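See structure below.
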Amino acid sequence: MKSSGFIVSVLFLMFTFQGITQNVVNNGNQIVVTPGAYVMIGGDFINKNDGTNDGVVALDGNIVLKQNWVNFANNNVLSLIGSSPAGNVIMDGLTKQAIEGTNASHFENLIIRNGDKILRVSDCEVNDTLFVDAVLKLNSHKLIIDNQNRAAIQHLSNYILSETDPLVGYGELQWNIGSVLDTYEIPFGSGLIASNDLNVTFTTRTPGQPNSGGVSFATYPADCKNFPLPTGVMSLDKDYDLVVNRYWIIDPLYLNAKPGADITFRYTEEDVNPRCNARMTEGDLKAVSYNTLTNEWNDSLATGTDAPASNLLFAENITQDNFYAPWALVNEFKPWEFFTPNAFTPNGDGVNDEFRPIGYNLEFQTFEMSIYDRWGGKIYETTDYNAPWKGRAWNSSQKCPGGVYTWLVFVTDKYGKISKYRGIVTLVP
């Protein structure tokens with residue numbers, strides 16, 4: 001196509017000749033596709049710059065494409081983004097089709113169906129609705145949904161494949177949801193079956209600010225020892241056989257305030273494979289995020305309710321302060337069981353004469369216990385688990401009077417995580 005201002009206003013125009021697919025090259029011209037018109041392209045659509053002008057398409061009708069969408073111009077191809085009626089780019093080739101080029105393309109409605117589609121350029125946008133009726137492989141690139149409406153992704157069949165890890169770059173879907181309070185579905189799939197078996201549900205509970213903000217979503221599988229780690233993560237900081245073999249990147253992109261949210265994670269059977277997760281109790285899984293500011297997984301308590309029959313985990317009431325990326329699903333395993341008696345009788349009869357935590361596997365990196373009287377005064381302290389309180393102030397011969405005392409214990413596990421315990425115990429003379 002060479003003529004400037006070429007206008008397609010016929011009902012149906014097909015670029016195929018004698019069964020041979022025909023490419024359409026827009027070499028610096030303007031194409032106008034009027035409402036109701038159909039342009040059928042049996043080959044590639046290639047948008048170019050002629051050395052002076054970028055090719056552009058004013059699309060109010062439909063482009064039906066059998067092969068690749070390629071943008072070599074310096075623009076985003078379509079010029080009527082946001083106007084009515086919304087134009088449709090329909091990619092329905094039976095074989096693999098790509099969105100590629102040297103510059104991103106912006107679509108109003110993008111409809112994918114039939115053969116697999118692959119993204120080969122980042123920051124392509126869909127400004128109205130993405131209709132998913134085929135496998136869309138993000139291929140280490142980012143696709144942006146620039147529409148706050150929950151219906152901006154219409155899932156008909158198949159799935160969006162994120163699955164690339166940080167070593168090659170995440171396959172991300174960024175949804176610019178702004179400050180809207182609603183529920184959003186991202187139909188991720190693993191590729192193991194022909195459905196969205198990694199579907200992520202994201203519900204905003206409090207608005208993010210500014211209204212131009214959004215959330216970026218990605219997920220990828222890890223090996224039995226949970227490698228590779230997500231970008232910026234220093235260490236796993238947990239027993240790998242108690243961690244689901246998958247990470248989720250759910251990244252709030254807001255300058256002022258992140259939203260509060262609920263997140264529903266879906267995982268696959270392979271992600272909890274007993275060959276890798278022999279000690280895992282699937283029904284006790286929790287979600288935990290990695291604080292990229294403090295470089296720790298333990299910034300906030302693990303949260304969520306697991307539904308193992310459905311491979312789902314529901315994490316609710318995630319506050320703005322605890323909303324970080326990435327996420328993992330874990331068993332919050334403690335290498336010890338920790339109990340304390342609520343009374344003891346230090347009378348020297350050899351029965352229940354001492355107070356200390358009891359249980360098993362009580363082997364800590366550090367242990368510290370303090371005892372306080374009813375006025376808050378510290379009367380005993382030890383860093384030796386094998387040195388229990390015998391009912392005397394600072395291990396002197398002076399017996400403490402009967403009554404209620406407060407105890408405080410700090411323990412540090414083998415990962416360096418500090419746990420704090422507090423309670424009361426009654427000294428019976």
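The values are calculated or read from the model by the stated rules, or taken from the named source; none is laboratory data. Because the structure is a prediction, the values reported are computed rather than measured. Here the Cβ positions follow ideal geometry from the backbone for every residue, glycine too, while neighbour counts run over all protein chains shown. Surface areas here come from the heavy atoms of the whole protein model, side chains and all, with no ligands, DNA or RNA. Shrake-Rupley method; radii C 1.70, N 1.55, O 1.52, S 1.80 Å.
Provide, for q = 0.20 Å⁻¹, the log10 of I(q)/I(0) from a solvent-free Debye sum over equal Cα point scatterers in the range 267-355.
Here the Debye-derived log intensity ratios amount to -0.98.
P(r) for the range 356-407: what percent of alpha-carbon pairs falls in each 5 Å bin, starting at zero?
Final binned percentages: 4, 19, 30, 22, 14, 8, 3.
In what sequence, highest mean first, do 273-284, 50-61 appear when ranked by Cβ atoms within 10 angstrom? Show your work: numbers first, answer last.
Values: 273-284: 14.1, 50-61: 18.2.
Highest-to-lowest ranking by the protection proxy: 50-61, 273-284.
Taking 1 over the mean of 1/r across every pair of different Cα atoms in the range 59-98, what Kirkwood radius in Å do you get? Walk me through the numbers on the way to the answer.
Details: mean 1/r = 0.0876 Å⁻¹.
11.4 Å is the Kirkwood radius here.
Would you work out which of Asn139, Val404, Gly43 lies farthest towards the positive end of the dipole of the chain, given +1 charges on the beta-carbon of Lys and Arg and -1 on that of Asp and Glu, about the Cα centre?
With unit charges placed on the Cβ atoms, the residue in question is Val404.
Taking the Cα atoms of the range 16-118, what is the range of coordinates along each of the three principal axes, in descending order and whole Å?
Cα extents, longest axis first: 33, 31, 27 Å.
Excluding ligands, DNA and RNA, what is the solvent-accessible area per residue of the chain at a probe of 1.4 Å, expressed in Å²? List each step's numbers first, then the result.
Working: 19430 Å² over 429 residues.
Averaged over the residues of the chain, the accessible area is 45 Å².
May I ask for the net charge around Asn103, where only other residues with Cβ less than 13 Å from the Cβ of Asn103 are counted and Lys, Arg are +1 while Asp, Glu are -1? Intermediate results must be reported in sequence, preceding the final value.
Details: positive: Lys48, Arg120; negative: Asp54, Glu100, Asp123, Glu125.
It works out to a net charge of -2.
Can you give me the convex hull volume of the Cα atoms of the range 145-242, divided per residue and expressed in Å³? List each step's numbers first, then the result.
Values: hull volume 12.9 nm³, N = 98.
Spread over its residues, the Cα hull of the range 145-242 gives 132 Å³ apiece.
Tell me, which cysteines of the chain are without a disulfide-compatible partner by the Cβ under 4.7 Å rule?
So, Cys124, Cys400.
Quickly rank 65-77, 22-34 as a protection proxy: mean count of other C-beta atoms within 10 Å, highest first. Numbers along the way, then the final one.
Values: 65-77: 21.2, 22-34: 18.5.
Highest-to-lowest ranking by the protection proxy: 65-77, 22-34.
Size of the dipole of the chain about the Cα centre, Lys and Arg at +1 and Asp and Glu at -1 on the beta carbon, nothing else charged, in debye to 20? Kindly include the intermediate steps, with their values, before the conclusion.
Details: 30 positive and 46 negative charges, 66 e Å.
With Lys and Arg at +1 and Asp and Glu at -1, about 320 debye.
Taking +1 at the Cβ of each Lys and Arg and -1 at the Cβ of each Asp and Glu, which of Gly115, Leu167, Ser179 sits farthest along the dipole of the range 103-203 towards its positive end, judged by Cα position relative to the Cα centre?
The one lying farthest along the dipole's positive direction is Gly115.
Starting from the alpha-carbon convex hull of the chain, give the projected area averaged over all orientations, in nm². Please list the in-between numbers first.
On the way: hull surface 105.1 nm².
Taking a quarter of the hull surface, the average projection is 26.3 nm².
What part of the accessible area of the range 232-353, given as a whole %, is carbon or sulfur when the probe is 1.4 angstrom?
Carbon plus sulfur share of accessible area: 49 percent.
Would you mind counting up the charge near Cys400? Only other residues with Cβ under 10 Å from its Cβ, with Lys and Arg at +1 and Asp and Glu at -1. Please report the intermediate quantities before stating the final value.
Working: positive: Lys390, Arg392, Lys399; negative: Asp373.
Once all neighbours under 10 Å are counted, the net charge is +2.
Jot down the radius of gyration and Dmax of the range 225-321, Cα atoms only, both in angstrom.
Over the range 225-321's Cα set, Rg and Dmax evaluate to 13.8, 44 Å.
Regarding the range 84-205, what are the three Cα extents along the principal axes, ordered largest first, in Å?
Over the range 84-205, Cα extents along the principal axes are 38, 34, 27 Å.
With the cut-off at 18 Å, tell me which of the pairs Lys117/Lys137; Lys378/Lys399; Lys137/Lys225; Lys117/Lys142; Lys66/Lys96; Lys137/Lys286 have Cα atoms farther apart than that. Intermediate values should be presented prior to the final figure.
Details: Lys117/Lys137 6 Å; Lys378/Lys399 15 Å; Lys137/Lys225 26 Å; Lys117/Lys142 14 Å; Lys66/Lys96 9 Å; Lys137/Lys286 29 Å.
From Lys117/Lys137; Lys378/Lys399; Lys137/Lys225; Lys117/Lys142; Lys66/Lys96; Lys137/Lys286, over 18 Å: Lys137/Lys225; Lys137/Lys286.
At a 1.4 Å probe radius, carbon and sulfur cover how many percent of the accessible area of the range 36-182? List each step's numbers first, then the result.
Working: 2270 of 5220 Å².
Here it works out to 43 percent.
Which net charge results when you count Lys and Arg as +1 and Asp and Glu as -1 among the other residues whose beta-carbon is under 12 Å from that of Ile424? Walk me through the intermediate numbers first.
Details: positive: Arg374, Arg422; negative: Asp373.
Counting the neighbours of Ile424, the net charge comes to +1.
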